[in-house]
Amino acid sequence: MLEALPQRVERFLDLGTGDGRLLALVRARHPKAEAIGLDSSAPMLDRAKERFDGDSLVGLRRHDLRDRLTNAGMADVVVSGLAIHHLDDERKRELFGEVHALLAPGGVFANLDLVRAASERLHERFRREIGRTEDDPTDRLAGLAEQMSWLKEVGFAEVDCHFKWLELALIVAVKAPAATA
Ligand SMILES: C[S@@+](CC[C@H](N)C(=O)[O-])C[C@H]1O[C@@H](n2cnc3c(N)ncnc32)[C@H](O)[C@@H]1O
């Protein structure tokens, strides 16, 4: 994911930041970037607060991604790790539009997430490989192709899957750069 981000990142959002693991990885690469981590879970945010204690460039906010992304401000990057698959498909589409709207021209949305398997056989294989015997009832997996088409529909200029292993996919969507006169 880090390789997919622009060389210069001044402000980024992490959707479903959890304990801030992904946010910390992005900041290690872009230490001067201001970061906002959003999560609906107070215990997870507490762990993230411990991780970033005293770091004035990191803001952590309680936010349920089922609600509109308001007051998040502009960003040149939005990342997310293993969070958006918990939203229903309609909300995923809306969220993609909200991410597009808040990104600066040329901004990048990088989402490492679970996508629906191409068959029940592959789903069972994925579960086996990750050591799970049952599905997570909170999962709302959507197919890779449909998520990529939603990202195009909301206006992203370049949408690609940079990595995929069974149900784990890194989808990267780039907003068009500002038009030059
Ligand atoms: C598997 S953890 C991943 C955490 C982190 N992104 C990472 O990569 O390590 C998923 C996170 O998504 C958050 N999450 C799930 N549904 C959410 C929602 N509707 N709104 C905000 N956060 C949500 C959970 O609270 C959890 O912290």
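FYI, it's all coordinate maths here, none of it is from the lab. Just so you know, these numbers come straight off a predicted model, no measurement behind them. Virtual Cβ from ideal backbone geometry, glycine too; neighbours counted across all protein chains shown.
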The chain: C-alpha gyration tensor shape, a/c 1.5 cut-off, then a/b vs b/c: oblate
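For the chain, what does the helix formula give at 222 nm: sum of -39500 (n - 2.57) over DSSP H segments with n ≥ 4, over the residue count, nearest 500 deg cm²/dmol? Walk me through the intermediate numbers first.
Numbers: 5 runs with 53 residues, N = 181.
Counting only the DSSP helices, I get -9000 deg cm²/dmol.
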Enumerate the lysines that Lys164 could reach by cross-link, defined here as Cα to Cα under 26 Å, with residues fewer than 8 away along the same chain left out. Lys92, Lys152, Lys175
Please enumerate, by chain and number, the lysines with C-alpha under 20 Å from the C-alpha of Lys32, excluding those fewer than 8 residues away in the same chain. Lys49
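Highest mean first, what order results for 64-70, 94-100, 15-21 on Cβ atoms within 10 Å? Provide the component values of the computation, followed by the final result.
Values: 64-70: 13.0, 94-100: 20.6, 15-21: 22.3.
Highest mean packing first, the order is 15-21, 94-100, 64-70.
Within a Cβ distance under 15 Å of Ala24, other residues only, what is the Lys/Arg minus Asp/Glu net charge? The partial results should precede the final answer.
Numbers: positive: Arg21, Arg27, Arg29, Lys32, Arg47, Lys49, Arg51; negative: Asp14, Asp19, Glu34, Asp39, Glu50, Asp53, Asp55.
Overall, the nearby charge balance is 0.
Highest mean first, what order results for 101-111, 42-52 on Cβ atoms within 10 Å?
Values: 101-111: 19.9, 42-52: 15.5.
Peptide ranking by packing, descending: 101-111, 42-52.
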Length added when fully stretched, Glu124-Lys49, from 0.36 nm per residue minus Cα-Cα: 23.4 nm
